[in-house]
1. When you check Pro180 against the structure, is it away from the ligand (no atom under 12 Å from the Cβ), modelled with pLDDT of 95 or more and part of a loop (DSSP other than H, G, I, E, B), yes or no?
2. In segment 132-143, what residues are surrounded by 20 or more Cβ atoms within 10 Å (Cβ to Cβ) and not in a strand (DSSP E or B)?
3. Filter segment 62-104 down to the residues that are of a type in the set (Gly, Ala, Ser) and in a helix (DSSP H, G or I), then identify the one that is nearest to Arg128 (Cα to Cα).
4. What residue, of Ile102, Ile86, is under 25 Å from Glu63 (Cα atoms) and assigned by TED's automatic domain parsing to the domain that holds Asp70?
5. Could you check how many residues of segment 183-210 are assigned to a helix (DSSP H, G or I), within 13 Å of the ligand (Cβ to nearest atom) and closer than 15 Å to Met221 by Cβ?
Amino acid sequence: MSIKIEDYYNREAFKRMKNFADDHETPFVVVDTQVISQAYDDLVSNFPFAKIYYAVKANPANEIASMLRDKGSNFDIASIYELDKIMKLGVGADRISYGNTIKKARDIRYFYERGVRMYATDSEADLRNIAKAAPGSKVYVRILTEGSTSADWPLSRKFGCNPDMALDLLILAKQLGLDPYGLSFHVGSQQRDIDVWDAAIAKVKVIFERLKEEDGISLRMINMGGGFPANYITKTNSLETYAAEITRFLKEDFGDELPEIILEPGRSLIANAGILVSEVVLVARKSRTAVERWVYTDVGKFSGLIETMDESIKFPIWTEKQGEMEEVIIAGPTCDSADIMYENYKYGLPLNLASGDRLYWFSTGAYTTSYSAVEFNGFPPLKAYYI
Ligand SMILES: Cc1ncc(COP(=O)(O)O)c(C=O)c1O
């Protein structure tokens, strides 16, 4: 398998990142914020009716957040630490949603004291905490969705609740003096099956109707989370196709009177803007006759590539050396045998690859820097540069 640069980056963006990379010592990730800016514009033009809440967890760098702030984005925040970081950049509380359903009562209070009035929930205990610590706020309930087998990085199991429970929670929200605002779901990150949105929106529609008819509660918002695709080895449909289909599903269920629609993109905005650059430490064979080579590189699962867990995300890997390819096992530099990125999925790398050569891991702008360990085996966290 040989990776073609033009399948992943336009020529100018690649040149900018490559030129920058040539002058810096590995390992690091270089992120081109112009690519993110374009991805944001593309998302807005494909979903003109939606409000964007950037999922800060994908990459919390100030360079990205301040650029998105200036473009008018809102922010999906997971913790008090992300909140402080984003508010320090001058983002107002009215542009923030506390999207994590797992939170301490005192953290809810922290958000409330700083003016945040929109909260996700999926359990009674959390809802009661919100009612006490953030009285009168808008709440939206996250429902469970299908699609965990067609997402590269599934999210619905730990988060969300059954639709019947969502009904109960929204009724309780009203009784507790909160504003039952809407519903949310996340179909799983890097979701390949667009029909999963159809099923999720249909569930939402049923809850909207039942609450209105049976309890006089009119919900006003659907938060469709993330799940939109980045560009990895296994191809997906284009964003245009996702948007056209999802819009059709919404219109089929809600007609032209759409409720407020929120999107919380992370991966699809940021991943394609980054290249992680590493260096080959060693190339080795385990026996005289072994067919496979082990390629050990200076980044691994603990320095930004945790999403290679179970080989879930298959990052395209490009090398300057070309020529005859041979299957390899790719592993990181630490003394931990879990630190193997790819063994089952057969990556090919050039036969003449040697120590000191660079590996360029494409589409690594999202979920790399913030996942990096702080000192495992003494290695520092992954460096990141924003250009
Ligand atoms: C609540 C929430 N919203 C949005 C996202 C971003 O999803 P994605 O990276 O698939 O766009 C996540 C990812 O974990 C999330 O937990």
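1. no
2. Result: Ala133, Ala134, Ser137.
3. Going through the qualifying residues, I end up with Ala93.
4. The match here is Ile86.
5. So the count comes out to 0.
Here's the yes/no breakdown for (1) in contact with a helix residue (DSSP H, G or I) (Cβ under 8 Å, 6 or more places away or on another chain); (2) in the same structural domain as Ala58 (by TED's automatic domain parsing); (3) without any contact (Cβ under 8 Å) to a residue 12 or more places away in the chain; (4) assigned to a helix (DSSP H, G or I):
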residue: Ile3; (1), (2), (3), (4): no, no, no, no
residue: Tyr9; (1), (2), (3), (4): yes, no, no, no
residue: Glu12; (1), (2), (3), (4): no, no, yes, yes
residue: Asn19; (1), (2), (3), (4): no, no, yes, yes
residue: His24; (1), (2), (3), (4): no, no, no, no
residue: Val29; (1), (2), (3), (4): yes, no, no, no
residue: Ala39; (1), (2), (3), (4): yes, yes, no, yes
residue: Asp42; (1), (2), (3), (4): yes, yes, no, yes
residue: Ser45; (1), (2), (3), (4): no, yes, yes, yes
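Condition check ((1) in the same structural domain as Arg192 (by TED's automatic domain parsing); (2) within 16 Å of the ligand (Cβ to nearest atom); (3) surrounded by fewer than 24 Cβ atoms within 10 Å (Cβ to Cβ); (4) not β-branched (Val, Ile, Thr)) across all residues:
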| residue | (1), (2), (3), (4) |
| --- | --- |
| Phe249 | yes, no, yes, yes |
| Gly255 | yes, no, yes, yes |
| Leu276 | no, no, no, yes |
| Lys286 | no, no, yes, yes |
| Val291 | no, no, yes, no |
| Tyr296 | no, no, yes, yes |
| Val299 | no, no, no, no |
| Phe302 | no, no, yes, yes |
| Glu311 | no, no, yes, yes |
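The values are calculated or read from the model by the stated rules, or taken from the named source; none is laboratory data. What you see is a predicted model, and the numbers here were worked out from it, not measured in a lab. No Cβ is skipped: glycine too gets one built from the backbone with ideal geometry, and neighbour counts run over all protein chains shown.
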